[in-house]
1. Got a sec to turn the phi values of segment A:352-362 into Karplus ³J(HN,Hα) couplings, 6.51 cos²θ - 1.76 cosθ + 1.60 with θ = phi - 60°, whole Hz, x for Gly and Pro?
2. Provide the net charge surrounding residue A:620, with neighbours chosen by a C-beta distance below 15 Å and charges set as Lys +1, Arg +1, Asp -1, Glu -1.
3. With r defined as the distance between the Cβ atoms of residue A:584 and residue A:10 and R0 fixed at 25 Å, what FRET efficiency is calculated, to the nearest 0.05?
4. Between residue A:547 and residue A:445, what length in nm is gained on full extension when 0.36 nm per residue of separation is reduced by their alpha carbon distance?
5. How many percent of the accessible area of the protein assembly as shown is carbon or sulfur, using a 1.4 Å probe?
6. Residues of segment A:411-436 with backbone nitrogen within less than 18 Å of a virtual label 7 Å along the Cα-to-Cβ line of residue A:162, please, listed as ranges.
7. Could you sort A:159, A:148 by their accessible area in this structure, using a 1.4 Å probe and putting the largest first?
8. Normalise the Debye intensity by I(0) for segment A:233-378, one equal point scatterer per Cα, no solvent, then take log10 at q = 0.11, 0.12, 0.13, 0.21 Å⁻¹ and round to two decimals.
Amino acid sequence: MTINFESKKKYNVIGTNPIRHDGYDKVTGRAIYGADVKLPGLIWGEVLRSPYAHARIKSIDTSKAEKMDGVFAVITSKDIPINKNRSGIDVNLKRDVDNILAYEKVLYKGHPVAAVSAADRNTAKEACKLIEVKYEILEPVKNVDEAIAKNAPILLEDIEADHLGKTVNNTNIAKHFRHELGDANNEFKNSDYILEKEFNLQMVHQGYIEPHNATAHWDENDHLSLWSSTQGMFAVRDLTAGFLDLPISKVTSNYVEIGGGFGGKTKVYLPPVAAILSKKSGHKPVKIIMDRISVFQGSGPAPGGKIIVKIGVTNEGKINSGAVDIKLEAGAYPGSAIPAAAVCCLACYNIPNIRVDAYDVLVNKPKSAAYRAPGSPQVSFAVESVIDEICEKMTWDKIDFRIANASKEGTRKPDGVLYHKIGFIETLEAAKNSDHWNSKIDKKDKNKIYGRGIACGYWHNGGNRSTVDLILQDDGNIALNEGSADIGGTRTSISMQVAETLGMPVESIHPSIPDTDKIGFTATTGGSRTTYATGYAGWEAANKLIEEMKKRVSILWEEPEEEIDFADGNFYSKKSDLKMNIEELATKINPTGGPVTSTASVNLSAAGNGFGIGICDLEIDPHTGKTDVIRYTAVQDVGKAIYPQYAEGQIRGGAVQGIGWALNEEYYIEKDGTMANTSFLDYRMPTALDMPNIDVIMVEVANPLHPFGVRGVGEVPIVPPLAAVGNAIKDATGSRIYSTPMKPRKILEVIDNG
Amino acid sequence: MQPFAYSAPTTLEEAVEILDKHGEKARPLAGGTDLLVQIRGGRFDLDTVVDIKKIPELNEISNGNDELVLGAAVPCHKLYDDPSISKSYPGLIDAATLIGSIQIQSRSGFGGNLCNSTPSADGIAPLIVHSAVANIQGKSGSRSVPVEDFCTGPGSNVLGKGEMLVSITMPNKGDKFGAAYERFIPRNEMDIAVAAVGASIMLDSNGKIAEAKIALASVGPTPIFATKASESLKGKEPNEAAFKEAASIAKSECSPIEDMRGTADQRKHLVEVLTERMLIKSLERIGG
């Protein structure tokens, strides 16, 4: 069956801005977050973390801690069930389990070494101090260069790395792969101008306000219940069950509200630790909450790294070759964002010859995690800076050049995948026509210098599995259950798609997010997949509900089902003038066969590629390097904005995070490999006073893979700001900075040298 | 964090008694915006926290014709809420409005900022350029120490066992006086100075500089009174050349380190830039 998703239908619910369903609970403080979970007999857990970036654990003596008053249990990695048979563990699971409690080696400062449960939080903290750990301190590997240097200390001594299909031991490069299109190496010969530049980036953190937390109750019947702040309760269930050697049906992961994640809450740190403590403490429920230092030191940041970009153009203004070398810091264990980075780097442009080499590099820093369009901001900073420099060198218009080279339907991405209908050119044209691009910079202080930058960004967005259940209540309202953690208003964006399909107001839809036993598997909220994929499941479930309701109407009217039409919330008879709305049907439904319910699960393989553009005006104090963003416009193809205010909110938030990444945020690593700035005071995220209003222009080129054209919104906006800021600095100072953060010291240096 | 006792004496004598008895194991609590964070971070292992906010002398603000007396527990907002203080002590107000955030300013004050004695303290350089004196009470009596001599190293100061800061006194230097303080931070709030400069200028009847003071923060182990730079201005016309020269001298009077907040060279450069700017601002404020 082919569904024409392209029609410009007029919607009743989609495109409006209702009060979100979780709004009242959240603004009144009643919503239950992980830290709010209280259970009878609850005790507290605390994690002892490594003070060293790289060390071998010689011994752990827990006896003094165990004897302390109020302490219930002390655990180390030996207490993790799957560690009982180390040789039998899948290598990926082994890396994950070693990250939650170090086995033989600690690989970053903040790496968990042991954990304690006690009657109260303070006792648990004090007991941690009584655990005696003897370390043999090893030389830390602090960055990509040190990791790949000859005779570098090796983080994972048992590594079997895949380097272009060959197995390599004794290396810190956990993976090396290549994408090739055409013949990039030879084609540079046909380029009239070639520019190659190297870029270096520091690790940054997502900086969500709510720290990681977990409450676990492993009961006497061997059933484990979990509550934790996560973007994916099913991932928490599956990984925890894996570590504990339990069948997944013995583990229930409950949904609690989440105070920010941005990708950082896709990893599992505390639930298995709390679970083991619970069992060892006589089956008492145990709660653990990280402090901010532990969040910075111990939970996944976005990788820094080194990126080399080479782009060749013809005199006619066409990019004919592109080569990118990407080395990203995986942190202590393999798994940086290189797969996405390798695709995103050149995804904006139609380039016949492409070579991308990507390296996943181990360093003594926390294992990296997803952060909004993982991998794309880093590589786009590099590529979009080089594009900017080429345009300046060749005196080409920065938007026209991009339009001439823009990816469109039928273009191949670096991994060879063809684009379906995308809206990059439309987005570039919207930027070109924007008020911002067509007005001068507001230079209000003669003692300051000013610059404007523009840059693009891409994210493929996600599909994957989602489930939605619907129940028609006797009062005509709809109860909706869905499995996606609600980070940014997705309860409402999913409900709106259901409401639109059913021809009902969104207020008649009552969404809930039940635990993992009560809804079909739904993949983690991330990759901008939820409004797209769970929304798709909602649309399908609503259509199934309509079909079931038609059957009931047919019984009531004694007319054949195929003679009944449905439109805008009403059932019509094709042959008589009978008409009934859903609410009326609900009151009459029980004699027709009891309640009407429906469920729909999807597993979407592709999603709706998203493109965005950032236009950034900066004001710089040339004597101090102080830099303020004074105007920023984000332009983005959203496919279809289901809930425009929230889509705009996502775009603004992403832009702010990207600007913070560009200007001041970084993991400041000391010589001993430890992070120095482990607080919001010194990890310099932008505050409200550092940001202008972010203007948002949403372009809607419908995604043909989705019934309402949704593409996914949340990731793309963090991609353009890094290069947009960098390009604006170049415009203001005449010099370019090839590393992040582009902080005042570096700006002063380029002004002095420029 | 180990459990500790909380005491809230209502007299100076009582407070001094408790501090003397516990020595290193007791700390006074004013706004608590530094202390509570430090206790939680494991910097102190205390038996007793002595809340000094119930002692009348420590809450006093007395803005007379000749001097301002600021009780050690007076929070920042009480200064900028009072227009008469704002007029005579502009350097102080610059600091009071940028320490922490609005919430922090309603708890924290100059007394605590001084006793916390960090090199980056936003309150200390302005006190120095306002010629402030710290009034200290101990078991054996009271003494006064100029603020520029108060700090002895990062987090350490002249307070001995059982001694506490009672108040800070600074002279009202009249209409021919101006002062200013500014720190450099990469953001616009909620940050710690990469480098900071306070300055003050008093003109004589001929319009020449009778007295100037320059104090630096975040560029050495303690806040620094830049005496040579200050002296260089005495008797001079308050003009660009004099200010530039003083700024250049101030740069040589600091000894910054490199850390996560900035490099040594960056900090020295900022001292020079900010000194000139603060001198210009101080001059602009005279008679204003």
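1. x, 10, 9, 10, 10, 10, 10, 10, 9, 10, 7
2. With Lys, Arg at +1 and Asp, Glu at -1, the net is +3.
3. Once rounded, the FRET efficiency stands at 0.50.
4. That pair, residue A:547 and residue A:445, stretches by 30.2 nm at full extension.
5. Of all accessible area on the protein assembly as shown, carbon and sulfur atoms account for 49 percent.
6. Only A:415-417 fall inside the zone, counting backbone N under 18 Å.
7. Sorted descending by solvent-accessible area, the residues read A:148, A:159.
8. The computed values of log10 I(q)/I(0) come out as -0.57, -0.64, -0.72, -1.26.
The values are calculated or read from the model by the stated rules, or taken from the named source; none is laboratory data. Note that the coordinates shown come from a computational prediction; the quantities given were computed from them, not determined experimentally. Backbone-built Cβ (ideal geometry, glycine too); neighbour counts: all protein chains shown. With ligands, DNA and RNA removed, areas are computed over all heavy atoms of the protein, side chains included. Shrake-Rupley method; radii C 1.70, N 1.55, O 1.52, S 1.80 Å.
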